1. For the charge dipole of the chain, defined by +1 on Lys and Arg C-beta atoms and -1 on Asp and Glu C-beta atoms about the Cα centroid, which residue among L162, M64, Y116 has the Cα displaced farthest towards the positive pole?
2. Hey, got a sec? Which trypsin sites (Lys or Arg not before Pro) in region 65-112 land in a DSSP loop and have at most 12 other Cβ atoms within 10 Å?
3. Could you give me the radius of gyration and the Dmax of region 61-182, taking only the C-alpha atoms into account and expressing both in angstrom?
4. In whole percent, and with a 1.4 Å probe on the protein chains, what portion of the accessible area of region 161-203 is carbon and sulfur?
5. How far, in nm, would the chain grow between T66 and V2 when pulled straight, counting 0.36 nm per residue and subtracting the alpha carbon separation?
6. Could you give the accessible area per residue of region 149-210, probe 1.4 Å, as a whole number in Å²?
7. Would you please give the residues with an amide H less than 5 Å from that of V85, counting only those at least 5 places away or on a separate chain, with H modeled from the backbone geometry?
8. About the Cα centre of region 6-76, what is the dipole size in debye to 20, counting +1 per Lys and Arg Cβ and -1 per Asp and Glu Cβ, all else neutral?
Amino acid sequence: WVSGDKPHYITMLKPGEYMLREELAPDGYLRAEDVKFTVKETGDIQKVYMKDAYTKVQITKTDMVTKEEIPGAKLTIFDKSGETVETWTSGKEPHMIERLKPGTYTLREELAPDGYIRAEDVKFTVKETGEIQKVAMVDDYRKVQITKTDMVTKKELPGAKLTIFDMDGKKVESWTSGKEPHMIEKLKPGTYTLREVTAPNGYEVAEDVR
């Protein structure tokens, strides 16, 4: 028989030893081991239990450097036919999917969080096991290096007060130049303006750089 949402009753079984076998498990479940049972000479209901474990897949979406979970990524899993299995937005904890049918799948980042670069698809296989199967997707991020140099010597010029503004004129970051280029990470793609608010002693304020 095929199991339903009610227990299955069998009447008039001859007393003796029997074996219950799961020939085919439901999608996402693992085939249970055979269950041996004994039918006794009684008119009472005799109960036999078979329990199915299920697949568990843990999806991590992490920063390439910090290895911490990245919230805000829109992720989708597709089966081998290209059908959507599940879509979600990453949070601060790994995403758990249960009862996936064993087989091959593709994890795709539809939209990366601000400042990050969309990762390549990750193909993975769900095996017939009740253990947690882990799938990792790692995001790199954008890096912008700002140099403030002397026009003649081409060397870094310390002491300049600099500010970056976005397209709406909102201040993104401010700093004072030093002896090394200034690195800004995880800037959202778009157009920005670099402005020298105050020049070092003996220098003129430079024009804005877009």
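The values are calculated or read from the model by the stated rules, or taken from the named source; none is laboratory data. The shown structure was predicted, so the numbers you read here are calculated from the model rather than taken from an experiment. Quick reminder, even Gly has a Cβ in these numbers, built from the backbone with ideal geometry, and neighbours come from all protein chains shown. Ligands, DNA and RNA are stripped out before the accessible areas are found, and what is left, the full protein with its side chains, is counted by its heavy atoms. Shrake-Rupley method; radii C 1.70, N 1.55, O 1.52, S 1.80 Å.
1. L162
2. Those that pass, being in a loop and sparsely packed, are K67, K80, K92.
3. Computed over the Cα atoms of region 61-182, radius of gyration and Dmax are 21.1, 67 Å.
4. 48 percent
5. Separation in residues times 0.36 nm, less the Cα-Cα distance, equals 18.1 nm.
6. Using a 1.4 Å probe on heavy atoms only, each residue of region 149-210 averages 74 Å².
7. The answer is I77, F78, D79.
8. That gives region 6-76 a dipole magnitude of about 100 debye.
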